[in-house]
Amino acid sequence: MRRIILLLAVLFILSGCNSNMKIEGYVIQKDEGKILLFEGITKNQLKESLESDDPLELSYPAYSIRVGYSTYQEIEIGQKVVVEIKGGIDDAYPAQANAKNVRIIFE
């Protein structure tokens with residue numbers, strides 16, 4: 001009985017690791033292979049943030065996402081992107097994660 005419970009617990013934990021979490025937001029900064037994006041902001045708020053000295057002033061979810069070299073070169077500040085997360089998200093501000101896939105949204 002213990003083995004069955006242990007097996008079910010392990011399967012439950014592993015099933016949570018395979019979730020395809022996606023984050024959509026605007027790229028605010030680029031730095032050393034990472035992009036900083038805000039989730040849930042409007043184009044006007046993006047403009048205000050880009051004009052500010054400290055873009056972390058906004059009280060919206062922020063994510064520091066590590067991306068691959070070619071993706072880093074392709075992405076520009078101000079673009080809207082959808083990022084599929086690889087692994088989990090570290091709790092911090094901004095939250096930190098690794099990108100599995102990044103798609104640029106052209107508006």
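What the table below lists for this structure:
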{"item": "Surface per residue (accessible, 1.4 Å probe) for the stretch 20-104, Å²", "result": "60"}
{"item": "Proximal lysines relative to LYS100, as straight alpha-carbon distance under 16 Å, when same-chain residues fewer than 8 apart are discounted", "result": "LYS22, LYS34, LYS86"}
{"item": "Debye intensity ratio I(q)/I(0), log10, the stretch 20-104, q values 0.11, 0.16, 0.19, 0.22 Å⁻¹ (C-alpha model)", "result": "-0.25, -0.53, -0.76, -1.03"}
{"item": "Carbon/sulfur fraction of accessible area - the stretch 20-104, other protein chains in place, 1.4 Å, %", "result": "41"}
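The values are calculated or read from the model by the stated rules, or taken from the named source; none is laboratory data. It should be emphasised that the depicted structure is a prediction, and the values quoted were computed from it without experimental measurement. SASA here: full protein model, heavy atoms, side chains in, ligands and nucleic acids out. Shrake-Rupley method; radii C 1.70, N 1.55, O 1.52, S 1.80 Å.
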